[in-house]
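The values are calculated or read from the model by the stated rules, or taken from the named source; none is laboratory data. Predicted model only: the values in this text are computed from it and were never measured. Note that each Cβ is placed from the backbone with ideal geometry, even for glycine, and that neighbours are counted across all protein chains shown.
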Amino acid sequence: MKKQHWYEYLWLWPIGYFTLGLFNILFAWMGLIDFLLPLFIAVVFGNKAFCNRYCGRGQLFSLLPRKLNCSSWKPAPRLLASPLFRYGFLLFFLTMFGAILSRTYLVFQGTVSLRETVDLLWVFSLPWAQSHSTGSAPAWIVQFGFGLYSLMLTSAVIGLIVMALYRPRTWCSFCPMGCMTQLICKAKQRGKPEPPKCIPPVPTAPHDDGEKTTQVN
């Protein structure tokens, strides 16, 4: 029997994150782990170990089709893995994160009031205030929680949609965090004689032997 490693159960992380956020939006701050840890690993170790081993979302996208048969397994359009789309989506993602930080600062300054909604796909606003107590937490902390939870939920829904339409881990081909860590790896390897070891093919479903990988350049 193959030995199971602890990191193979990290698919539980996104499930736990979104579940806890339903009860208290302050748990949304834990999403910063998914932002900072990949960057830390890329900067310190110069590789994409987070994407290849520790990404709970990627594991979940691999697991769901095997258990629920909810993926078409069709190759994704080349556009989704193209540099233009990946960098464009990264820029859009960073712009949305900047907007979250901006509103959080305005709430901190008292310029605008707390907006207790979760925005899904940047279009649908889901009211959250009545059944989600945040205790005596400062308004700006609560506001950042709503913003980050919205961003994490939106990206997860996009990942689920492309998982269903195409191969399970199609999201990985244009994931903003994967794109940023790849840029960091390239920068760290620049000028070195050996070929970059930190930019492997992005596995669309690493636990499925019959599926090919998608090369990300």
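Okay, residues lined up against (1) without any contact (Cβ under 8 Å) to a residue 60 or more places away in the chain; (2) within 24 Å of F27 (Cβ to Cβ); (3) of a type in the set (A, V, I, L, M, F, W, C):
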position: F89; (1), (2), (3): no, no, yes
position: L121; (1), (2), (3): yes, yes, yes
position: T134; (1), (2), (3): no, yes, no
position: V157; (1), (2), (3): yes, yes, yes
position: C172; (1), (2), (3): no, no, yes
Original post:
Which of (1) surrounded by fewer than 17 Cβ atoms within 10 Å (Cβ to Cβ); (2) not in a helix (DSSP H, G or I); (3) not β-branched (V, I, T) is the odd one out, the single condition N47 does not satisfy?
Top reply: (1)
Original post:
Can you tell which of S155, S150, S133, S125 is modelled with pLDDT of 90 or more and within 21 Å of V107 (Cβ to Cβ)?
Top reply: S150
Original post:
Within segment 24-31, is there a residue that is within 23 Å of T154 (Cα to Cα), in contact (Cβ under 8 Å) with a residue 60 or more places away in the chain and of a type in the set (V, I, T)?
Top reply: yes
Subject >> Condition broken by G58, with the remaining ones in (1) outside any helix (DSSP H, G or I); (2) small (G, A, S); (3) crowded, with 17+ Cβ neighbours inside 10 Å satisfied >> reply: (1)
Original post:
Do you know which of the residues in segment 107-141 that are outside any helix (DSSP H, G or I) and among the β-branched types (V, I, T) is nearest to L153 (Cα to Cα)?
Top reply: V118
Subject >> Residues located in segment 59-87, provided they are within 18 Å of the chain's Cα centre (by Cα) and over 13 Å from P176 (Cα atoms) >> reply: Q59, L60, F61, S62, L63, L64
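Any residue at all in segment 159-176 that's hydroxyl-bearing (S, T, Y), part of a helix (DSSP H, G or I), under 19 Å from S62 (Cβ atoms) and touching a Leu at 6+ places or on another chain (Cβ under 6 Å)?
yes
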Original post:
Do we find a residue being surrounded by 13 or more Cβ atoms within 10 Å (Cβ to Cβ), farther than 24 Å from P176 by Cβ and in contact with a helix residue (DSSP H, G or I) (Cβ under 7 Å, 6 or more places away or on another chain) anywhere in segment 93-101?
Top reply: no
**OP:** Might you check whether a residue that is in contact with a strand residue (DSSP E or B) (Cβ under 8 Å, 6 or more places away or on another chain), surrounded by fewer than 18 Cβ atoms within 10 Å (Cβ to Cβ) and β-branched (V, I, T) occurs anywhere in segment 118-132?
**Re:** no
**OP:** Could you list all residues from segment 81-106 that are small (G, A, S) and in a helix (DSSP H, G or I)?
**Re:** A81, G88, G98, A99, S102
